[in-house]
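K.L.:
Got a structure for you, written out below as structure tokens; questions coming shortly.
The values are calculated or read from the model by the stated rules, or taken from the named source; none is laboratory data. In this text, all values refer to a predicted model and were calculated from it rather than measured experimentally. So basically every Cβ, Gly included, is an ideal-geometry build from the backbone, and we count neighbours across all protein chains shown. Calculation scope for accessible area: heavy atoms of the full protein, side chains included, ligands and nucleic acids excluded. Shrake-Rupley method; radii C 1.70, N 1.55, O 1.52, S 1.80 Å.
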Amino acid sequence: MLNLIGPLSSSPVIHRYPGNPVLTAADVPYPATLVFNAGVCKYQGKYVMVFRNDYGSAAEQRLDGTNLGLAYSDDGIHWTVQSRPLPDISGRDIVRVYDPRLIVLEGRVYMCLAVDTHHGVRGGIAVTDDFEHFEVLTLSVPDNRNIVLFSEKIGGKYIRLERPFPVYGRGGGERFDIWIADSPDLRYWGNFELLLAVEDIPYANTKLGPAAPPIKTPQGWLTTFHAVDTDPSRGKNGWEPFWRKRYTAGVMLLDLENPYKVIGLYREPLLVPEAPYEVSGGFRNHAVFPCGAVLEESGEVKIYYGAADIVLCLATAHVDDLIKLCLEGGPHPGYA
Ligand code: BMA
């Protein structure tokens, strides 16, 4: 039985950038239609963004393919898109890559990707130094996506979050949780553990997934995630005949030395689709989908999110306020 969630609202600590969206198809100098979920990091003195571009015809509501676009910025707000999309990330069985997340780790840029293959959706990690040449280091087995990497080793291991989507074990429907794993070398992954489950989140009834890569703070790893609730009464909400889901974003704090421990969990959503560009006119309305976050020296956290699967937006919050929300929510007892 689906537990219907009802109306939700965003936390007062988060502020949408008044000039949203920060990137749309109109900013892209090659065919572009849906310009949304984007990874963002600071690298070599600039903000760098890799965004998802589904191209086709908005007028005909038709999509022909997906590529990844590259953009640079001096302030994290105004972006210049490069003249060409990234080169294809190809490999055995790979059909399409999307929903990039970026981090800088040991001086190199790592890009986590959702990878559609002929044999299921896989989570991939690629590395680059120049956004021209990419090496794919690892691909999970199907079905998995929304991998995010931590920006440093913890206890001698690399750490990632991920979101497998098992259909047998979780009642046959969509009921998917966030998992954590570690690796000695970014290629071989193990010590898989459940980190946060749908039933832990009062505003979700369908699935969760990691959002932006965790941000290191003195109090812990500040970690955003997306949370999905389904309501069968929702009808046509975009290009498709119906779209019954709502994508919100939440936040939690993971232990600095042992990120397998959730030490703080805000029990309400951080960001809920409310603005006109989040609830209407999109490919899928009522969706906010963060894939990037940058912590500024001022303490401002810039959160980049796809809105309605059609444009890229920015929201900000002070890091101390986000940590406070998590700590006030209390720790999660864990699954061990
Ligand atoms: C998820 C992914 C995202 C998308 C979101 C909302 O399952 O496909 O790429 O933004 O749904 O439609």
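K.L.:
Label points 7 Å out from Cα along the Cβ direction at residue 255 and residue 297: separation in nm?
P.N.:
Roughly 3.4 nm, to one decimal.
K.L.:
So for the stretch 131-268, averaging the separation of alpha carbon pairs under 8 Å that are six or more residues apart and normalising by length, what relative contact order in percent results? Mind showing how you got there, number by number?
P.N.:
Numbers: 300 pairs, mean separation 24.4, N = 138.
Answer for the stretch 131-268 is 18 percent.
K.L.:
Give me the percent of accessible area attributable to carbon and sulfur for the stretch 126-219, probe 1.4 angstrom. Please list the in-between numbers first.
P.N.:
On the way: 1980 of 3840 Å².
The computed percentage sits at 52.
K.L.:
Using heavy-atom solvent-accessible surface (probe 1.4 Å) with all chains present, what is the largest-first order of 119, 286?
P.N.:
Numbers: 119 135, 286 50 Å².
In descending accessible area the options line up as 119, 286.
K.L.:
What shape does the stretch 19-329 take by its C-alpha gyration tensor, where a ≥ b ≥ c are the square roots of the eigenvalues and a/c under 1.5 counts as rounded, a/b above b/c as prolate, and the rest as oblate?
P.N.:
Details: a/c = 1.21, a/b = 1.10, b/c = 1.11.
The shape class here is rounded.
K.L.:
Note down the net charge around residue 244, summing +1 for each Lys or Arg and -1 for each Asp or Glu among other residues with Cβ under 14 Å from its Cβ. Walk me through the intermediate numbers first.
P.N.:
On the way: positive: 207, 234, 236, 245, 246, 284; negative: 174, 229, 231, 240.
Here the charged neighbours net out to +2.
K.L.:
So for each of 195-204, 34-43 I average, over its residues, the number of other beta carbons within 10 Å; can you give me the resulting order with the highest mean first? Provide the component values of the computation, followed by the final result.
P.N.:
Values: 195-204: 20.7, 34-43: 24.9.
Ranking the peptides 195-204, 34-43 by packing returns 34-43, 195-204.
K.L.:
From zero up to wherever the largest Cα-Cα distance of the stretch 124-195 sits, split into 5 Å bins and tell me the percent of pairs in each.
P.N.:
The calculated distribution, bin by bin, is 3, 15, 23, 24, 16, 10, 6, 2, 1.
K.L.:
Next question, about the same structure. Over the chain, what is the mean sequence separation of C-alpha contacts under 8 Å (at least six apart), divided by residue count, expressed as relative contact order in percent? Numbers along the way, then the final one.
P.N.:
Working: 959 pairs, mean separation 57.8, N = 336.
Here the relative contact order equals 17 percent.
K.L.:
Reachable aspartates and glutamates from residue 302, Cα under 16 Å, same-chain residues fewer than 8 places away excluded?
P.N.:
Those aspartates and glutamates meeting the cut-off are 74, 75, 320, 321.
K.L.:
Let me ask something else about it. Determine the gain in length on full extension of the stretch residue 30-residue 3; use 0.36 nm per residue of separation and subtract their C-alpha separation, reporting nm with one decimal. If you can, show how the numbers build up before the last one.
P.N.:
Details: separation 27, 0.36 × 27 = 9.72 nm, distance 4.35 nm.
Using 0.36 nm per residue and subtracting the Cα-Cα distance, I get 5.4 nm.
K.L.:
Now, a different point. If I take every Cα pair under 8 Å that is 6 or more residues apart in the stretch 1-73, average their sequence separation and divide by the length, what percent do I get for the relative contact order?
P.N.:
Values: 94 pairs, mean separation 15.6, N = 73.
So the answer I get is 21 percent.
K.L.:
Return the whole-Å distance between the Cα centroid of the stretch 75-105 and the Cα centroid of the stretch 195-263.
P.N.:
Between the Cα centres of the stretch 75-105 and the stretch 195-263 lies a distance of 23 Å.
K.L.:
Then there is this: Any idea how far apart residue 267 and residue 130 come out in nm if each label point goes 7 Å out from Cα toward Cβ?
P.N.:
5.3
K.L.:
What does the net charge come to around residue 67 if you take all other residues with beta carbon closer than 10 Å to its beta carbon, with K and R at +1 and D and E at -1? Each step should come with its number before you reach the end.
P.N.:
Numbers: positive: 52, 84, 96; negative: 54, 88.
Net charge in that neighbourhood comes out at +1.
K.L.:
Given 0.36 nm per residue, what is the gain on full extension from residue 170 to residue 117 after removing their alpha carbon distance, in nm? Walk me through the numbers on the way to the answer.
P.N.:
Details: separation 53, 0.36 × 53 = 19.08 nm, distance 2.32 nm.
Full extension from residue 170 to residue 117 adds 16.8 nm.
K.L.:
When the accessible area of the stretch 1-98 is split by element with a 1.4 Å probe, what percent falls to carbon and sulfur? Walk me through the intermediate numbers first.
P.N.:
Working: 2560 of 5080 Å².
On the stretch 1-98, the fraction of accessible area on carbon and sulfur atoms equals 50 percent.
K.L.:
If you count only protein heavy atoms with a 1.4 Å probe, what accessible area per residue comes out for the chain, rounded to a whole Å²? Spell out each step's value before the answer.
P.N.:
Numbers: 13860 Å² over 336 residues.
Heavy-atom SASA per residue in the chain reads 41 Å².
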